[in-house]
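Laboratory data are not the source of any read-out in this text; all were calculated from the coordinates shown. Please read all numbers here as calculations on a predicted model, not as lab measurements. FYI the Cβ positions are ideal-geometry reconstructions off the backbone, even for glycines, and counts take in every protein chain you see.
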Amino acid sequence: MTTTHPESDVILEVKDLQKHFPTRTSGIIRRASDPVKAVDGISFSVNRGETLGLVGESGCGKSTAGRTMLQLLEPTGGSIHYNGRDITGVHGADLRKLRTEMQMVFQDPYGSLNPRQTIGTIVAAPFDIQGITPDGGVKAEVQSLMERVGLNPEHYNRYPHEFSGGQRQRIGIARAVALRPKLIVCDEPVSALDVSIQAQVVNLLEDLQTEYDLTYVFVAHDLSVIRHISDRVAVMYLGKFMEVADRDELYANPLHPYTQALLSAVPIPDPRKENKRERILLKGDLPSPINPPSGCVFHTRCPRFREELSETERKRCTTEIPLVQKIGNHEVACHFAGAAKIDVI
Amino acid sequence: MFAYIVRRVAAGMVMILAMSLVTMLLFFASPADPARYTCGKNCTPQLLEQNRKALGYDQPVLSYWVDFTKGIFVGSEFPKDPALKKSAPETIADCPAPCLGYSPQSSRPVRDIIVEKLPVSASLAIAAFIMWMIAGVGLGIVAALRKGSIVDRAIVGSALVFYAFPTFFIGLGLYVFLALKWGIVPVPAYTSIADGGVGLWLQGLFLPALTLALVYIAGYIRLTRAFVLEVKGEDYLRTAQAKGLTSGRILFKHTLRGALTPIATVAGLDLGGLLGGTIITEQVFNYDGLGRTAVMAATTYDLPVTVGIVLVAATFVITANIVVDVLYAVIDPRVKYS
Amino acid sequence: MSTWVPTEGTSDALLSVRDLKVTFPTEDGLVKAVNGLTFDLNAGETLGIVGESGSGKSVTSQAIMGLHRGTRAKVEGSIDFDGKNLLKLEDEELRVMRGRDIAMIFQDPLSALHPYYTVGNQIIEAYKVHHGSASKAAVRAHVIDMLERVGIPNPQKRIDQYPHEFSGGMRQRAMIAMALVNSPRLVIADEPTTALDVTVQAQILDLLIDLQKDINAAIIIITHDLGVVAEMADKIMVMYGGKAVEGGTADQTFYSPEHPYTWGLLQSMPRIDRERLDRLRPIPGNPPSLISPPSGCAFHTRCAYRDDENLGCSTIVPEFDVQDWHPVRCLIPAPKRKAIFDTEIRTPSS
C-alpha cells in the first residue's frame, strides 16, 4: 500500500516488506518447515516530518515491522528505500552510518537501558559508537540533551534504577535523538507508563518532532494514543495492512471491518455513551501466523463475513486474497469494504 | 519425542568418540615416551621398540583411534600381530567387543578394570547423592520458608562452612575424628554387597559418602532456597492462596513442583559427573574406584585405561544430560521436544 | 443505589473498610502503601478503584484477601466483611473464606495460573477445597459447566488442557471461571483486562457484566483505565498516594469530578470520542514517594490549583469534604471546585 503525497517528499518507502521467522519440522532429520509470517508483504511510504501510526493487537507483526524497517532484523523479502536509496540488507559500516539517521525508542524503558551504566554513559553511547565529538564536548552535549528531555543534567552520574518509568523513557528518548536522526521508530514508547506520565512523554515526542524535524513511525496498540500522535494510521492484522488512511478519516469513517471492530472495542471514559454503545465483537482467537487463513486473513473472525455476506460473497473472502483498493482517501484490503452499520465510537 | 531422543543419543555417541580422539591426541602430544613406562629396568632399545609396536604407539594417532573405535564394535586382540599369533598364540590376549583396549601396565583388558572399579565409584556417588538430596533440598526448603529467621541464617551459614573447606580437609577430619579418635563409626573400607551384604556395604560407604555429600549440600541448600523463594514470588502462588488452599497444599502441590524442577536438572548432571569417579574422596579413604584408577593411569602413562575411564565418565555425563532434558519435558508440560 | 459514605461508624454494607493502613518496611524506609482508606460496598454493587501505579489500589485488594499475612507488611484499621473483621480472624478462619466468599481475578492470567497443572485441575481444586464431600464426577461436571458459562468453547476438551494451550482471552475466562466457581459474594478483579488486547478486553468486560447479573456478587474492579470502569462501576473511588481522593457514583466521577487529580487523569488521556486536542494535558511531575510523602495534601506538588498561602495546601492534610454524597479530599472550597470544573475542565461534550 503506498500513499504518495506529491506535495511532500518521501523519507521512507517500504515495498512488499516481509519478515518470516524460520521453524523446523519434527522428526529425526529436521527440515525447515512453514515459517512464522510475522510481516507478510506490507507497503507504505512515510513523508518527511509526518508521523505514521502502526496499530494492531499483539501478534499482528507491528513491532517486527518497525524493527525490520530499521534493519534491526533482516527482511525476508521486499525493499526499504531511505531518502531514495535502497537500504535493504545494508550491514557493517554502512549500517552504522545509517544509524545516525534512523533511531529507535523502545517500549520497556528499563530493559532497554543497561543497569550498570550511568545515564551519562547511556546517552553518550551514540557519540562513542559513531566516533563523533559534538561541539563543546560529549558531556556538555549529553547534559543539554538531558535538560531538553526534561531530566536534571546533574543526574548525569546516576543509574537507571534511580529513575521512575517516565524518566527512564526520557533517557531512552535522549539517546535516540542524540545524533539528530531524521527518522525514529517508536515501539510502544508509552504503553508501560501511567496515564499522566504517558501524556508527558507524548508531548515531549511531539515537541522534539517540531524542533528537530523528525519523522516518526509510531508503533502502538492503544488506538487513542495513535489517534493523538499520528498523521496517518496503518491498521495491521496477522502481518498485513488492513487499512491505511489519514488519521481523521480513519477514525471518523473506518471502512475495514477489522478497524471498525478495533475502534468499537476501545472503552470510553463516559458512562452514558458507553452504556448506549454497541460493540462489534470479534469471535474466536487470532489464527496462527504459521498457517494464516486462506483468502482474506481476517475472514475467520470477520463480523461482516459472519453476518452480512451471502454464500457466494463468502467464497470470495475464503479464496481470494483482497487487493488494496483505494476508496476515497483510504486504502483498504477488503473485498467488501464499507462503512459500519453502527457508530463505532 | 522419540525422534528427539534418537537425535540426542546419536549426537552423544559422536561426542564420545570425539572425546576419545582428543584424549589420544593429548597423550601422543606428550613429550614423555609412553612405551618407556612399559619396559621396566632392564630395557633395551629392541624391547622398547617391540613394546611400542605391540601397544600400537608407533602408528599415527588417527589410525590408533580407528583401531580403538573398531575394537569397541567388533573386538580386538593384543598385541595385534598375526606373526606372533601364529608362533606363540598364548601371548595374545583376546579382547571381545565392546573392547576398550588393553592395559599394558596391569596386563588386563581395560573393560575388566572398569567393571571392577565402577561399582565402588557408583556406590559412593549414589550414596552421597541420596544424602545431599535429602539434606540439601530439605534444609533449603526449611531455610526458604523461614527466610530471614535464625533458622535460615544457621542453615545457610553452616552450609557455607562446609562449602568453604576443601574436600580432603573434610574427609580427613571426619576420618580422623569420627572413625579413629572417637570411634563413632567403623573405619571405612569398601565391601561389595556380594562380599559382605548390604549392611557392610552401607557401613563402608558412610564416611566417604558423607564427605562428598557435605560438599554438595551447601550448593543444594542455596539453590533450593533460591528456587523456592523465586516460586513463592510467582503470581500463581498468590492465586493458590486466594483460592483458600491450605498452606500444606500450597507448599507441596504448588511451590515445590515449580521449585524442584530446576533442581532435578542440576542434580541429574551432578550425579552423572560423579558416577565416573571422585578423585579426592577415593584417594582420602583409599577407595579403589574409577577416580583413583584414572589418576594412577595418567601418572603411569597407561593410555588405554585413561581413555577407557574418560569414555565411561563422558558417557555418564552425556547420558545424564539427555535423561535430564527428557525428564524436563515430563515435568513441565510447556516443554515439547520435536 | 449507591451510597459512598466514608463515615467512621459501623454499617450494614457487605464490605466495610475503615481507616485501612498498610505499611511495608524496606531498606530505604517505611513504605506507606495505603494510608487511611475508608469505604463501603453493598451486596451486588460494583466499585471501581482507579489510580496509577503506587496509588495503593492493588495493595488494598491484597489486604482484603489477607494476602499480607505472613509477610513483613503491617495492616491496621478494620475490614468488615459480612460483619466480621477480617483482620482479626484466625488464619484458618480467613483461609476458609478465601475463594469461597471472596474471590480474586488477577491481571496476567498466564502467570496467575500454574504452568504445570491443567486448567481443569486448578479450577477443580478451587472448588474441592471448599466442597470436600462433593464427588469427583460432580465437581468435574460443575467445572465444565462453569467453563461453558464463561464462554470457553468445547469445555469437555479444554478442561484437560494446560494454561499455555489457551489464548490470553481464554485464559482470563478460565480465571474468571475459577473465581466464580464457588459463587462468592465479593469478587476482586485486579486489572483484569490490562494484559489483554482491546478486542479481548471488550469481551471480558461484557462477560463480567453478564455474570454479575447471574450471581449477584459485589465486584471491586481495580484499574488505571477510567474507560474500563465507565461501563461497569456503580461507584468509583480515585486513589492517589495511598489515599482515596475522590469517591462517588460513576456519574459524579465522570460528569462532575471535583478533585484536581481526577481532572488531571481525565484530561491527560487522549480520547477517541472527542475532538482531537493539539496537545495532551498531562499532570506535571512524578507520582509521590510513599516513603516520605509530600507534606500537606499529597497531590499539592503536582496540582495546578494549589494555594499554599490561603488554603495551606502544602501544610494542611485535607480531610474528606462531603457535599451531596460526594466526598472530595481537597482544601479548595466546594463552590470554587465546582466553578473551576465548570469553567476550565468541562468540555462541551460532557
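Annotations for the structure displayed:
- Placing +1 on the Cβ of every Lys and Arg and -1 on the Cβ of every Asp and Glu, with nothing else charged, gives the protein assembly as shown a dipole about its Cα centre of roughly 2560 debye.
- Rounded to the nearest 20 debye, the dipole magnitude of chain C is 560 debye, with +1 charges on Lys and Arg beta carbons, -1 on Asp and Glu beta carbons, and the Cα centre as origin.
- A convex hull fitted around the alpha carbon atoms of the stretch C:1-153 yields 164 Å³ per residue.
- Among the listed pairs A:273/C:235; B:147/C:74; B:232/C:74; C:32/C:243; A:273/C:336, those with a Cα-Cα distance over 22 Å are A:273/C:336.
- Relative contact order of chain B, taken over Cα pairs closer than 8 Å and 6 or more residues apart, is 23 percent.
- Summing Cβ point charges (Lys, Arg +1; Asp, Glu -1) relative to the Cα centre of the stretch B:2-109 gives a dipole of roughly 200 debye.
- Distance from the alpha carbon centroid of the stretch C:325-346 to that of the stretch A:217-288 works out to 34 angstrom.
- Sites excluded, chymotrypsin sites (Phe, Trp or Tyr not before Pro) in DSSP loops with at most 15 other C-beta within 10 Å, longest stretch of chain B: B:1-181
- For the pair the stretch A:95-124 / the stretch C:68-131, the C-alpha centres are spaced 43 Å from each other.
- Inverse of mean 1/r across different Cα pairs in chain C, Kirkwood, Å: 21.4 Å
- Between the helical axis of B:256-275 and the longest alpha-carbon principal axis of chain B there is an angle of about 20 degrees.
- In terms of packing, defined here as the mean over residues of other Cβ atoms within 10 angstrom, the peptides B:85-93, C:168-176, B:290-298 line up highest first as C:168-176, B:290-298, B:85-93.
- The stretch B:112-331 - convex hull of the alpha-carbon atoms, volume per residue in Å³: 147 Å³
- Positive-end ranking of C:66, B:223, A:174 along the dipole of the protein assembly as shown, with charges on Cβ about the Cα centre, is headed by B:223.
- Under 27 Å of direct C-alpha separation, and excluding same-chain neighbours fewer than eight residues apart, residue B:41 reaches these lysines: B:53, B:80, B:85.
- In the protein assembly as shown, the C-alpha radius of gyration followed by the widest Cα-Cα span (Dmax) gives 35.7, 123 angstrom.
- With the simple model of a label 7 Å out from the Cα in the direction of the Cβ, residue C:138 to residue B:247 spans 3.2 nm.
- Across the alpha-carbon atoms of the stretch B:203-263, the computed radius of gyration and Dmax are 15.8, 51 angstrom.
- Reported to the nearest whole Å, the Cα centre-to-centre distance from the stretch B:104-150 to the stretch B:44-66 is 39.
- Candidate cross-link partners of residue A:97 among the lysines, defined by an alpha-carbon separation under 17 Å and a same-chain spacing of 8 or more, comprise A:182.
- Percent of Cα pairs exceeding the 16 Å cut-off, where the set is the stretch B:145-216: 59 percent
- Cβ neighbours within 10 Å from other chains - mean over C:123-131: 3
- Every Cα-Cα pair in the stretch C:128-261 was counted, and those over 28 Å apart are 27% of them.
- The mean number of Cβ atoms from other chains found within 10 Å of a Cβ in peptide A:196-206 is 6, as a whole number.
- Chain A - share of DSSP beta bridges that are antiparallel (%, nearest 5): 60 percent
- Kirkwood hydrodynamic radius (C-alpha pairs) into Stokes-Einstein, the stretch B:2-109, 20 °C and 1.002 mPa s, D in µm²/s: 138 µm²/s
- Here is the tail figure for the stretch A:46-162: Cα pairs spaced more than 21 Å apart come to 52 percent of all pairs.
- Against the rule of thumb 2.2 N^0.38 Å, how large the Cα Rg of chain A comes out: 1.06
- Mean per-residue shielding of peptide A:279-286 is 5, counting Cβ atoms of other chains within 10 Å of each Cβ.
- Ranked by how many other beta carbons lie within 10 Å on average, peptides B:273-282, A:17-26 from highest: B:273-282, A:17-26
- Taking GluC sites (Glu not before Pro) across the stretch C:199-307, the ones in a DSSP loop with at most 12 further Cβ atoms lying within 10 angstrom of their Cβ are C:275.
- The fraction of Cα-Cα pairs per 10 angstrom bin, counted from 0 for the stretch C:111-183, comes to 22, 60, 17, 1 percent, rounded to whole percents.
- Stokes-Einstein D (µm²/s) once Rh is taken as the Kirkwood radius of the stretch C:260-345 over alpha-carbon pairs, at 37 °C in 0.692 mPa s: 230 µm²/s
- Among beta bridges that DSSP assigns inside the protein assembly as shown, antiparallel share in %, nearest 5: 65 percent
- For chain A, excluding the exposed loop sites themselves (GluC sites (Glu not before Pro), DSSP loop, at most 11 other Cβ atoms within 10 Å), the longest remaining stretch covers A:8-277.
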